[in-house]
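Written below as structure tokens is the structure these notes are about.
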Amino acid sequence: MYINGEWLKTNKKLDIKNPATGDVVDHVFLVGKAETEYAIQAAEAAFPLWSGLTAEQRSGYLQKVVNKLEEKKEYLAQVITKEMGKSIHNARYEVDNTVSFFKWYAEEARRVYGDTIPASSPNRRISAIRQPVGVVGAITPWNFPLSMGARKLGPALAVGCTIIFKPSSEAPLSSVELFKIFDEAGLPKGVVNLVIGSSGEIAGPLMESKVVRKISFTGSTEVGKILIRQSADTVKKVSMELGGHAPFIVFEDADIDLAVEGTIISKFSSTGQQCVCANRIYVHDTIYDEFAKRLHEKVAALKVGNGLDESNEIGAMANENGIEKVHDQVIDAVNKGARILYGGSRLSDGNLGKGYFYSPTLLVDVKENMKICFEETFGPIAPLIRFNSEEEVLKMANNIEYGLASYFYTNDLSRMYRLSEKLEYGMVGVNDPAPFAVQGPFGGVKESGLGREGGRYGLDDYLETKLISVAIRL
Ligand code: NAP
């Protein structure tokens, strides 16, 4: 743990294992309630100094973080792959993303503008200024162990907030590396504090504290709801980046090869363990069989294995629970009439047997009553569902409590706009399997979240707007 500018140890140690091999990669020290309270005090004490710096000074610190991240890019990618299993290619992409978030917010720190507002009486001058919310508690998941933190720490630091950061104890090592970089970049003590440990011990003090004015959470909808409820007692601001169940729709006029390629990217990146993964792949009846045939060829060609091996495209899943959950969804689908075109089982040949590997899987004849169509799938399973009309598929796509990412493939310009506006999702990719960019707003509607991360939108959640009205003598 890193609190008040110091690396501290406790007597509780946790070994972090590589999900591809079962080998211990490293260990971390687990904090409890007392250390979390200390971190809150440190962040509170650091707030006047950090928020009192000029935007340019804060930007300078963030630029130093960017430079140090650039120097360690390959090393960080290796740490991510070892701690949570994704392929080194996907881990490099995550590190690039992390760098671009800090870079963007190093620049955006200078652009926290307010407004002057025309008054209704001649002797009034009205303005609105924007100020940092104060001390922030940030909690992130294991699936993007580095970049999910960057999307919170970058904007929060840029506007002048101080932070207590809790990464997932499943994959905390890349966060430890990030905090080493904060330390080397000379961030004043108490501005950033790292606490790793049981969520109960850490979340309790964070949620009860009157000092912590904001909680920024990325993780499951289930935990997000608990935190929203707990935030009521102290009326904290909340940002919630929660679960998803993305529809991926392929219309009859789509470029089939492009859509197949997009499915591979959207479904299998990070071993299918992404909140924005294509979860329900709807294919028009007239091209269904051809699409399934071409996708089958691509899925069968995916190479699975230890993510550190450059030749592997699909790495290990993070843990046993993940394997059990996807296998349960596959069995449920088959029991209700789906067919497995490829995969459908755990991989245990040779070295794969030591890790959490599940075969990339292609299911056809999938129907809406199967668990895979309404429970978030966090694994490499591609379920194909048949549809006949735009109206029918829109209804199916929106018929779920999630509303994070959605995708569709078509060459019909009117449909591109019509459907983009009607999909009840925070993000829409049209012929685009990865519509996410540092400069764009990332986030969900319905039970997928509150608030946006990324771009200029990402600053808003860490700012309060204050009215100043001055009555003057004329
Ligand atoms: P999770 O179980 O909700 O955990 C997320 C974080 O919350 C972890 O740090 C976890 O700590 C902590 N946590 C667990 N229970 C808690 C509690 N009762 N109070 C406070 N904190 C608690 O989610 P996950 O399994 O790590 O991640 C997968 C989920 O994240 C999926 O649903 C995925 O869709 C979602 N996700 C969303 C986005 C997005 O941007 N919308 C991005 C990535 C992932 P420990 O791990 O230490 O227990």
Taking the stretch 293-406 and dividing mean pair separation by its residue count, relative contact order in percent (alpha carbons under 8 Å, at least six apart): 23
Subset of LYS210/LYS446; LYS86/LYS303; LYS68/LYS303; LYS225/LYS367 violating a 22 Å alpha-carbon distance limit: LYS210/LYS446; LYS68/LYS303; LYS225/LYS367
Contact order relative to length of the stretch 205-345, as percent, for alpha carbon pairs under 8 angstrom and 6 or more apart: 17
Percent antiparallel among DSSP beta bridges (both partners in the chain, rounded to 5): 40
0 to 90° range, to nearest 10: angle between helix 173-184 axis and the chain longest Cα axis: 30
Highest to lowest packing among 17-25, 141-149, 397-405, scored as the average C-beta count within 10 Å: 141-149, 397-405, 17-25
Residue-averaged 222 nm ellipticity for the chain, from DSSP H runs of 4+ at -39500 (n - 2.57), nearest 500: -12000 deg cm²/dmol
Convex hull per residue volume in Å³, alpha carbons only, for the chain: 152
About the Cα centre, charge dipole magnitude for the chain (Lys/Arg +1, Asp/Glu -1 at Cβ), debye: 1720
Environment charge of LYS214, counting only residues whose C-beta is closer than 11 Å and scoring Lys/Arg +1, Asp/Glu -1: +2
Relative contact order of the stretch 1-112, pairs being alpha-carbon contacts under 8 Å that are 6 or more residues apart, as %: 27
Ranked MET240, MET396, MET317, criterion: other C-beta atoms within 10 Å, fewest first: MET396, MET240, MET317
Fewest-first sequence of TYR113, TYR462, TYR342 by Cβ atoms within 10 Å of each Cβ: TYR113, TYR342, TYR462
Point-to-point label distance, TYR457-VAL430, nm (Cα→Cβ direction, 7 Å offset): 1.6
Within the stretch 68-205: Cβ-based charge dipole about Cα centre, in debye rounded to nearest 20 (Lys, Arg +1; Asp, Glu -1): 480
Proximal charge balance of GLY344 [Cβ under 13 Å; K/R count +1, D/E count -1]: 0
Furthest towards positive pole of dipole, ALA109, LEU53, ALA246, structure part the chain, Cβ charges: LEU53
Degrees separating the helix 147-159 axis from the principal Cα axis of the chain, which is the longest one: 20
With Cα atoms, 0 to 90° folded angle of helix 256-268 axis to the chain main axis: 60
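Computed from the coordinates by the stated procedures, all read-outs in this text should not be read as laboratory data. Quantities reported herein were computed from a predicted structural model and do not represent experimental measurements. Please note: Cβ atoms are built from the backbone with ideal geometry, for glycine as well, and neighbour counts cover all protein chains shown.
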